[in-house]
Structures are given as structure tokens and as C-alpha cells.
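Read through the structure below, which is laid out as C-alpha cells, and then see the notes.
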Amino acid sequence: MPTPARLTAWLLLPLTLTGCAKKAADTPTPAPTVQLRDAGGALGRVLTDGAGRTLYYDSRDVSGTGTVCATGCPTAWPALDVSADGLSLGTGLDTADFRFLTTGSTRLLTYRGWPLYRRANEAANVTTADGQDGHYAVQPGATITIANAAFLDRSTNPGTLLPAAPYLTDGRGRTLYLFTLDARAPATQATNCLGQCLTEWPIYLGGSPVVPAAVRAADFSALTRPEGQQMVYKGQPLYYWYGEANTRGFVGCHNVNEFGGIWLVARPF
């Protein structure tokens with residue numbers, strides 16, 4: 001039978017041996033490749049790359065294909081260069097909002113369907129190119145974005161192609177419409193479109209406005225309806241058209257006369 005001293009030494013032996021093992025090195029947290037910065041003013045928070053340089057979307061990229069860059073675009077507006085393995089997001093960003101898109105030999109990172117670009121030679125921690133060449137700073141959780149594309153005027157059949165022009169979309173590039181009856185009868189806006197009208201023209205429940213600096217947040221308000229708070233722009237409620245089936249970059253029903261009024265694409269300027 002071991003003596004008390006020997007028993008104590010025997011019980012302490014595993015602890016002593018364990019204490020000699022080296023502690024595994026902590027895995028360093030990678031620096032974010034996309035992060036948030038407060039740009040101040042009308043913009044508020046914007047997305048930046050890991051070096052703090054502002055990220056922009058091209059309003060012509062509303063379809064989300066990343067194929068609209070004209071001659072000189074890759075030089076003036078280089079795409080954000082991030083590999084799938086290298087993507088690390090800063091605090092407050094959701095991986096579900098980001099996707100990779102391959103177009104030709106270029107691999108683009110997108111945010112809510114919008115390919116991301118930088119302004120060549122723009123310094124870190126500034127946002128000087130917002131609105132230039134149809135590019136706008138990317139705002140996290142934007143409720144309104146500005147698109148720029150040609151689309152059909154449906155007042156005639158099969159329609160007349162209009163020149164490319166800016167128009168309003170939600171944060172994922174889905175077209176927003178106005179109803180002229182709402183302008184003629186503002187006191188009854190909550191009931192101007194009901195029943196089948198509401199089925200074909202669902203209301204836009206946009207929430208608190210997070211909008212580009214090119215439009216004024218003060219121009220947006222909300223209309224209380226049984227379905228929720230409908231976003232209103234310059235006194236007119238905003239709608240989707242059901243036929244677009246939540247497809248971004250599609251304008252299928254501009255200048256159509258239905259349900260006692262004309263439906264028009266919402267214009268920002």
C-alpha cells in the first residue's frame with residue numbers, strides 16, 4: 001500500500017504532465033474585406049472595402065448581371081476584388097446579402113443583387129463620388145435605390161421604347177410605381193386601390209426610409225393601411241406590379257390605364 005506522500009505524488013502526476021503541454025495558438029480573426037463606415041450627412045452608413053474605401057453600385061446594373069460597364073468603366077470604376085475564401089464581413093453585415101457573380105472573366109461580389117465597385121483613386125474614409133456617372137454609395141438595408149434603364153411605354157400596343165432614364169426601385173432593384181388616382185384623390189389614398197387592384201398592384205411596405213443622398217429622405221413618408229405602412233414618395237404611395245414577380249430590373253407596366261387611374265414608374269428627379 002503506498003504511503004500518503006507517494007499517493008499524493010501519484011495523483012498530481014497527470015496534472016503536472018498536462019501542464020507541460022503547449023497551449024494551442026488562437027486562430028486570428030481575419031480583417032474584414034467589407035465593412036461599414038458612417039459617412040455622415042444624408043448618406044449615413046455606407047459599405048466600404050477593408051481599406052475603408054467606399055463601395056458603389058452602378059444604377060445601370062439594375063438587372064444584376066454585371067454586364068453594363070461601358071468602355072473605360074473597369075478603369076474608372078474597378079469591381080471590388082474579393083475571392084470567395086477571402087470574404088470576411090464587418091460587424092452589422094449579413095452574409096445572406098452577399099453573393100458572387102461571374103461575368104466573362106470577371107468575378108463580382110454583389111450586395112442584395114447589386115455588383116460592387118470602387119471609384120478609382122478615391123481615398124479611404126471619404127465618399128466623394130456618390131452620384132457620379134450614375135454610381136451611388138451602397139447603403140446597408142437601403143429601402144430605395146436608383147436604377148437607370150430603358151423601358152417600354154405601354155400606353156400603346158406593343159409599346160414604345162423610352163430612352164434610358166433614372167427611376168426608383170426598392171433595395172433589391174425591383175421597380176416601384178405610382179397611381180395617378182392617388183394624386184387626384186389624396187384624401188382616400190388608403191382605399192383607392194383595393195380588391196383586385198391590390199392583387200395586381202401590391203403595396204410597397206418599405207419601412208423607415210434609407211435612401212440615396214440624390215433624393216431627400218424628407219420626401220418619403222408612410223400611409224397607414226390594414227396591410228401595414230405603405231411607403232409614400234412626394235405624397236404618392238408606392239406599389240409593385242404583380243406581373244414582375246419580384247424580378248429585379250424589369251419594367252413591364254409603365255403608363256397603363258387600370259382601376260381608374262394610370263400607373264407610372266416612380267421617377268426620382
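The values are calculated or read from the model by the stated rules, or taken from the named source; none is laboratory data. What you see is a predicted model, and the numbers here were worked out from it, not measured in a lab. Cβ coordinates were reconstructed from backbone atoms using ideal geometry, including for glycine residues, and neighbour counts include every protein chain displayed.
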Considering only segment 131-145, how many residues are surrounded by 21 or more Cβ atoms within 10 Å (Cβ to Cβ) and of a type outside the set (Gly, Ala, Ser)? 6
Looking at segment 29-65 only, could you name the residues that are touching a Ser or Thr at 6+ places or on another chain (Cβ under 6 Å) and either part of a strand (DSSP E or B) or among the acidic types (Asp, Glu) (or both)? 35, 37, 46, 48, 54
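Considering each residue of segment 141-156, count those that are part of a loop (DSSP other than H, G, I, E, B) and of a type outside the set (D, E, K, R), and give that number.
Taking segment 141-156 as the starting set, the residues that turn out to be part of a loop (DSSP other than H, G, I, E, B) are 141-144, 150-151, 154-156.
From what's left, of a type outside the set (D, E, K, R): 141-144, 150-151, 155-156.
Number satisfying all stated conditions: 8.
Scan segment 153-198 for residues that are among the aliphatic types (A, V, I, L, M), within 19 Å of residue 223 (Cα to Cα) and within 27 Å of the chain's Cα centre (by Cα) and jot them down.
168, 176, 178, 198
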Looking at segment 65-83, which of the residues that are closer than 30 Å to residue 245 by Cα and surrounded by fewer than 16 Cβ atoms within 10 Å (Cβ to Cβ) is modelled with the highest pLDDT? 65
Select, from 170, 153, 182, the only residue that is under 23 Å from residue 94 (Cβ atoms) and touching a residue at least 24 places away in the same chain (Cβ under 8 Å). 170
For residue 217, all conditions in the list (1) farther than 22 Å from residue 149 by Cα; (2) among the hydrophobic types (A, V, I, L, M, F, W, C); (3) modelled with pLDDT of 95 or more hold save one; what is the number of the exception? (3)
Could you tell me whether any residue of segment 167-176 is basic (Lys, Arg), modelled with pLDDT of 95 or more and in a helix (DSSP H, G or I)? no
Report, ordered by the first and then the second residue, all pairs with beta carbons closer than 7 Å, sequence separation of six or more or different chains, a first member in segment 185-211 that is over 16 Å from residue 234 (Cα atoms), and a second member that is of a type in the set (Asp, Glu) and at pLDDT 95 or above. 192/182
How many residues does segment 220-246 contain that are in contact with a Gly (Cβ under 7 Å, 6 or more places away or on another chain) and modelled with pLDDT under 95? 2
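Every residue, every condition in (1) touching a helix residue (DSSP H, G or I) at 6+ places or on another chain (Cβ under 9 Å); (2) of a type outside the set (S, T, N, Q); (3) assigned to a strand (DSSP E or B), yes or no:
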residue	(1), (2), (3)
67	yes, no, no
74	no, yes, no
96	no, yes, no
100	no, yes, yes
107	no, yes, yes
130	no, yes, no
133	yes, yes, no
139	no, no, no
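Yes or no, residue by residue, for (1) modelled with pLDDT of 85 or more; (2) touching a helix residue (DSSP H, G or I) at 6+ places or on another chain (Cβ under 9 Å):
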residue	(1), (2)
25	no, no
48	yes, no
56	yes, yes
63	yes, no
88	yes, no
Among the candidates 199, 180, 191, residue that is in contact with a Lys or Arg (Cβ under 9 Å, 6 or more places away or on another chain) and more than 30 Å from residue 140 (Cβ to Cβ): 191
Return yes when residue 47 is buried (at least 17 other Cβ atoms within 10 Å of the Cβ), touching a residue at least 12 places away in the same chain (Cβ under 8 Å) and in contact with an Asp or Glu (Cβ under 7 Å, 6 or more places away or on another chain) and no when it is not. no
Near pairs, Cβ below 7 angstrom, 6+ apart or cross-chain, from segment 249-267 (farther than 12 Å from residue 200 by Cβ) to any residue that is part of a loop (DSSP other than H, G, I, E, B) and among the polar types (S, T, N, Q): 249/63; 255/155; 262/255; 264/255
Counting only residues that are touching a helix residue (DSSP H, G or I) at 6+ places or on another chain (Cβ under 7 Å), farther than 11 Å from residue 177 by Cα and not β-branched (Val, Ile, Thr), give me the strands (runs of 3 or more DSSP E) lying completely in segment 211-269 with at least 1 of them. 220-225, 261-265
